[in-house]
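Here is the structure we will look at, set down as structure tokens.
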């Protein structure tokens, strides 16, 4: 089936997310303007205007009423999803790299970069208590990470824990109630670009610059599977209906102009979750895939690339009829 191509960004995509129902796609990019789209036809629903720097991350709560973004302009913003109104601007001491709503939607976590003589921090806020008048109020919890910058984060265990991925390849598990680290591992050797949870929350998949993606147990951080490629992996997602993992990536942006699209460096790559074997590739982008998300019903997926395009690819009947590895 021919993909739907969305083009409303002037610069590279940094993150894309589906809402819980899958009817909306939220996108952030280096062009300062996060967008929201209808996933069924690619029509742009609106733009969130207010950032003055590259927007590194975006998330939407489970009711699709609030959106949170983090930017290089050293702020995190909370938005009204329906109107695009800027509900709150939280000023930070460095760029905001990750932002995620909790499972309940009442809390949000964001992380700041280790720059401007600042250490990387993970900050938890109560979104019910944040507005323009209290945007600089004291957060619920602030956890410093002086060892290495946070580059990915996930809520886990029904909002009791947070899992952080770091620039040096470390993954840490934190108990938010006790505000202490439960476990820390280093199975990756380079920057962790992305982490995404499985549908039931028992596992999560990582994407790393060390050219591999790994599957971990959410409770104890045990590495279950490894998916190896020959290029940096920028994003990875687990299918909610099949034992499949989709990886997206490519070279660093500075090397893109020297590579032909026919070399296969920018394909979406499909691996079997259990057997770790690659069984398919899908072409499309003219640069590295920076972010990848699977529709909640598992019947399509979206990719955001360095080329500024979002591609929504629906699976045809042959994908659903396949008997791969059965």
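The table that follows gives values for the structure above.
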{"quantity": "Pair list, Cβ < 9 Å and 6+ apart or interchain, from the range 137-153 residues that are over 13 Å from residue 110 (Cβ atoms) to residues that are surrounded by fewer than 16 Cβ atoms within 10 Å (Cβ to Cβ)", "calculated": "137/129; 147/168; 148/168; 149/115; 149/168"}
{"quantity": "Hits in the range 197-215 - residues which are touching a strand residue (DSSP E or B) at 6+ places or on another chain (Cβ under 6 Å), in contact (Cβ under 8 Å) with a residue 40 or more places away in the chain and surrounded by fewer than 23 Cβ atoms within 10 Å (Cβ to Cβ)", "calculated": "197, 198, 215"}
{"quantity": "Set 150, 68, 143: member being over 23 Å from residue 36 (Cα atoms) and at pLDDT 95 or above", "calculated": "150"}
{"quantity": "Residue that is under 19 Å from the mean Cα position of the chain (by Cα), at pLDDT 95 or above and in a loop (DSSP other than H, G, I, E, B), where the choices are 190, 207", "calculated": "190"}
{"quantity": "Residues located in the range 34-52, provided they are in contact with a strand residue (DSSP E or B) (Cβ under 8 Å, 6 or more places away or on another chain), part of a loop (DSSP other than H, G, I, E, B) and within 21 Å of residue 284 (Cα to Cα)", "calculated": "39, 41, 42, 43"}
{"quantity": "Residue in the range 158-175 that is in contact with a strand residue (DSSP E or B) (Cβ under 9 Å, 6 or more places away or on another chain), part of a loop (DSSP other than H, G, I, E, B), surrounded by 22 or more Cβ atoms within 10 Å (Cβ to Cβ) and at pLDDT 95 or above present", "calculated": "no"}
{"quantity": "Test for residue 31: is it under 19 Å from the mean Cα position of the chain (by Cα), surrounded by 17 or more Cβ atoms within 10 Å (Cβ to Cβ) and either touching a residue at least 60 places away in the same chain (Cβ under 8 Å) or assigned to a loop (DSSP other than H, G, I, E, B) (or both)", "calculated": "yes"}
{"quantity": "Residue in the range 219-234 that is under 18 Å from residue 306 (Cα atoms), in contact (Cβ under 8 Å) with a residue 40 or more places away in the chain, touching a strand residue (DSSP E or B) at 6+ places or on another chain (Cβ under 9 Å) and part of a strand (DSSP E or B) present", "calculated": "yes"}
{"quantity": "Members of the range 243-265 found to be modelled with pLDDT under 95 and over 23 Å from residue 169 (Cα atoms), listed by number", "calculated": "256, 257, 258, 259, 260, 261, 262, 263, 264"}
{"quantity": "Those residues of the range 53-64 which are in a loop (DSSP other than H, G, I, E, B) and in contact with a strand residue (DSSP E or B) (Cβ under 7 Å, 6 or more places away or on another chain), in sequence order", "calculated": "53, 54, 61, 64"}
{"quantity": "Scan of the range 275-289 for residues that are touching a residue at least 40 places away in the same chain (Cβ under 8 Å) and part of a strand (DSSP E or B), ordered by number", "calculated": "278, 279, 289"}
{"quantity": "Any chance residue 93 is at pLDDT below 95, in a loop (DSSP other than H, G, I, E, B) and surrounded by fewer than 22 Cβ atoms within 10 Å (Cβ to Cβ)", "calculated": "yes"}
{"quantity": "Boolean, residue 279 is farther than 14 Å from residue 213 by Cα, modelled with pLDDT of 90 or more and over 20 Å from the mean Cα position of the chain (by Cα)", "calculated": "yes"}
{"quantity": "Residues that are surrounded by 16 or more Cβ atoms within 10 Å (Cβ to Cβ) and under 16 Å from residue 167 (Cβ atoms), drawn from the range 144-154", "calculated": "145, 148, 149, 150, 151, 152, 153"}
{"quantity": "From the options 285, 295, residue that is modelled with pLDDT under 95 and either under 27 Å from residue 321 (Cβ atoms) or in contact with a helix residue (DSSP H, G or I) (Cβ under 9 Å, 6 or more places away or on another chain) (or both)", "calculated": "285"}
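Matching residues to (1) outside any loop (DSSP other than H, G, I, E, B); (2) under 21 Å from residue 248 (Cβ atoms); (3) touching a strand residue (DSSP E or B) at 6+ places or on another chain (Cβ under 9 Å):
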| position | (1), (2), (3) |
| --- | --- |
| 114 | no, no, yes |
| 117 | no, no, no |
| 121 | yes, no, yes |
| 142 | yes, no, yes |
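The values are calculated or read from the model by the stated rules, or taken from the named source; none is laboratory data. Please read all numbers here as calculations on a predicted model, not as lab measurements. Please note: Cβ atoms are built from the backbone with ideal geometry, for glycine as well, and neighbour counts cover all protein chains shown.
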